[in-house]
Each structure stands twice: as C-alpha cells, then as structure tokens.
1. For segment 69-102, enumerate the residues that are in a strand (DSSP E or B), open to solvent by 30 Å² or more (accessible area, probe 1.4 Å) and under 28 Å from ILE127 (Cβ atoms).
2. Does segment 20-39 include one or more residues that are without any contact (Cβ under 8 Å) to a residue 24 or more places away in the chain, part of a loop (DSSP other than H, G, I, E, B) and open to solvent by less than 40 Å² (accessible area, probe 1.4 Å)?
3. Out of all the residues in segment 142-154, which are part of a strand (DSSP E or B) and surrounded by 18 or more Cβ atoms within 10 Å (Cβ to Cβ)?
4. Is it the case that LEU58 is over 22 Å from MET23 (Cα atoms) and under 11 Å from the mean Cα position of the chain (by Cα)?
5. Can you name the residue in segment 6-24 that is touching a strand residue (DSSP E or B) at 6+ places or on another chain (Cβ under 6 Å) and under 15 Å from ALA86 (Cβ atoms) and is also modelled with the lowest pLDDT among such residues?
6. Please list, ordered by first then second residue, the pairs with beta carbon atoms under 6 Å, 6 or more apart or interchain, first in segment 100-120 and touching a residue at least 12 places away in the same chain (Cβ under 8 Å) and of a type in the set (S, T, N, Q), second surrounded by 10 or more Cβ atoms within 10 Å (Cβ to Cβ) and not in a loop (DSSP other than H, G, I, E, B).
7. Within segment 121-141, can you find the residues that are closer than 15 Å to PHE93 by Cβ and assigned to a loop (DSSP other than H, G, I, E, B)?
8. Considering only residues of segment 40-68 that are of a type in the set (D, E, K, R) and outside any strand (DSSP E or B), which is surrounded by the fewest Cβ atoms within 10 Å (Cβ to Cβ)?
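The values are calculated or read from the model by the stated rules, or taken from the named source; none is laboratory data. Computed from a prediction, not measured in an experiment: that's the story for all the values here. Cβ: placed from backbone, ideal geometry, glycine included. Neighbour counts: every protein chain shown. Heads up: the accessible areas ignore ligands, DNA and RNA and are worked out on the full protein's heavy atoms, side chains in. Shrake-Rupley method; radii C 1.70, N 1.55, O 1.52, S 1.80 Å.
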Amino acid sequence: MENLMGLLRIHIQRGVNLAVRDMRSSDPYVVVKMGKQKLKTRVVKRNLNPEWDERLTLSVADANLPIMVCVYDKDTFSFDDKMGDAEFEIGSFIKALKMRLEGLADGTIIARVQPSRGNCLAEESCIIWSKGKLVQNMVLRLRNVECGEIELQLQWIDVPSSRGL
C-alpha cells in the first residue's frame, strides 16, 4: 500500500448493556470497517456485557475515512442479528499525533473530544500520553438499537516504509 500513513490499533475492550437478541441473552461479536478493510472479534457466548480484550489493526491511507463499528449476535441456524452500530473519526487523534510530543508525564491529557450529535461518543473522549505513546479512550453509544455501548482504545503504530503523518 503505497499511500500508507501508518497503522491504527483498535483495542476492543468490552461491551456494556448490549441488547438481547436470543431468548434471554446474546452471543455478541464486533465488526470494524474502514474503507474496504473489515476485521472482527471472536464471539462471546451468552453475554450482554462481553469482555473481548482484542486488538485489531487497520492500515490507514486516508485519515478522513470514518471507522464503523457494528455489533452482531451470532446465530447458528439463521443470519446473525444486528445489535447496533457506531461510527467515529480519527481526525483529532491524528492532529494530536502530528504534534510529535515526547517526554510528557504519564497520564497527561493532550486533547478532549466532546460527545455531540455528529459523533457516537457516550461521554468525553480523552487523547492521553500513556507509557510513551498517545492513546485515545472512547465509549461509543450504539445506534439503531435500544441499548448498548462499546469501550475501546486507539493507538497509532508508525511504519518505517510508510509516508507517515
């Protein structure tokens, strides 16, 4: 990929209060899409508050493309049921990365992204300096469903042969 800027590692941490799609529970998994890329987590059986703790990595060539997160309920004998979706952009995260910060105290907040009608944030999202790297923590409120949130963290990975930021 000649236009590669770098890699975005998305740590899918957990789901909170997800919707029931089977009799009393659901078997959720997450699908992350950016452009033509599509990645997914494992299925967590019978759980409305699943702990995935999985790291998915996207190749970023265009930082303006939104990232779509969809949650599904795995079904054995029929199509998987949709349990909601959310979308987010990485513009603020990329802007903070371009500052080329170094040597800050662990936990220093670089920027805050407020929830609005234009994003799926359930609460303020902070871009922080953690263990020598920039990370962004997010809680996304799922749309098109009665309830549910997804907690995740973004981290940038520079690739030596990429065009960079």
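1. Scanning segment 69-102 gives a single hit, GLU87.
2. There is at least one residue in segment 20-39 that is without any contact (Cβ under 8 Å) to a residue 24 or more places away in the chain, part of a loop (DSSP other than H, G, I, E, B) and open to solvent by less than 40 Å² (accessible area, probe 1.4 Å).
3. Narrowing segment 142-154 to residues part of a strand (DSSP E or B): 143, 149-154.
Matches in segment 142-154: GLU149, ILE150, LEU152, LEU154.
4. Taking the combined requirement at face value, the residue satisfies it.
5. ALA19
6. Once the first residue is touching a residue at least 12 places away in the same chain (Cβ under 8 Å) and of a type in the set (S, T, N, Q) and sits in segment 100-120, its partners that are surrounded by 10 or more Cβ atoms within 10 Å (Cβ to Cβ) and not in a loop (DSSP other than H, G, I, E, B) give THR108/TRP129.
7. If the condition is that a residue be closer than 15 Å to PHE93 by Cβ and assigned to a loop (DSSP other than H, G, I, E, B), then GLU124 is the only one that fits.
8. ASP62
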